[in-house]
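Undergrad: Here's a structure for you.
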Amino acid sequence: MPGHPGQEHCFYQWEESMRYSYHGRIKQRIRNKELKGWYIEDNYPKIGRALVLMFFTEPFERPIRPYRWDEYKPLLMDWYLSINRLESE
């Protein structure tokens, strides 16, 4: 903004940290075994097609847009394997 050198840069950093904290927090919740399940929704409100992660605690649902799905695959595979290990014991 005029008269405030570097303020645009600060806003950009804030915007980036907000975007990454959403996914960072979700990934942390998955690693902490808070994930209950997931499903694909074709018409999630205001998003459309989404991977919807369901958690035991609030917020109970977290939608993930398709372009981010690849980064969740390893976490979901680990989650799936850990669930199957618990059931087989």
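The values are calculated or read from the model by the stated rules, or taken from the named source; none is laboratory data. Please read all numbers here as calculations on a predicted model, not as lab measurements. Counting neighbours? That spans all protein chains shown, and the Cβs are built from the backbone with ideal geometry, glycine included.
Undergrad: For the stretch 80-89, indicate whether the set of residues that are closer than 17 Å to ARG25 by Cα and surrounded by 10 or more Cβ atoms within 10 Å (Cβ to Cβ) is non-empty.
TA: Restricting attention to the stretch 80-89, the residues satisfying the condition of being closer than 17 Å to ARG25 by Cα are none.
No - not one qualifying residue is present in the stretch 80-89.
Undergrad: Then there is this: Looking for whichever is at pLDDT below 65 and either of a type in the set (Asp, Glu) or in contact with a Lys or Arg (Cβ under 9 Å, 6 or more places away or on another chain) (or both) here; the options are GLU71, GLU41, GLU61, GLU15. Which one fits?
TA: GLU15
Undergrad: If you don't mind, another one. Scan the stretch 74-88 and give yes if some residue there is β-branched (Val, Ile, Thr) and modelled with pLDDT of 95 or more, otherwise no.
TA: No, because not a single residue in the stretch 74-88 is β-branched (Val, Ile, Thr) and modelled with pLDDT of 95 or more.
Undergrad: Shifting gears a bit: For the stretch 41-55, state whether one or more residues are among the hydroxyl-bearing types (Ser, Thr, Tyr) and under 11 Å from the mean Cα position of the chain (by Cα).
TA: Looking for residues that are among the hydroxyl-bearing types (Ser, Thr, Tyr) and under 11 Å from the mean Cα position of the chain (by Cα), one finds none in the stretch 41-55, hence no.
Here is a yes/no grid of residues against (1) outside any helix (DSSP H, G or I); (2) exposed (fewer than 11 other Cβ atoms within 10 Å of the Cβ):
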{"position": "ILE26", "(1), (2)": "no, no"}
{"position": "ILE30", "(1), (2)": "no, no"}
{"position": "ASP42", "(1), (2)": "yes, yes"}
{"position": "ALA50", "(1), (2)": "yes, no"}
{"position": "MET54", "(1), (2)": "yes, no"}
{"position": "GLU58", "(1), (2)": "yes, yes"}
{"position": "ARG62", "(1), (2)": "yes, no"}
{"position": "TRP69", "(1), (2)": "no, no"}
{"position": "LEU75", "(1), (2)": "no, no"}
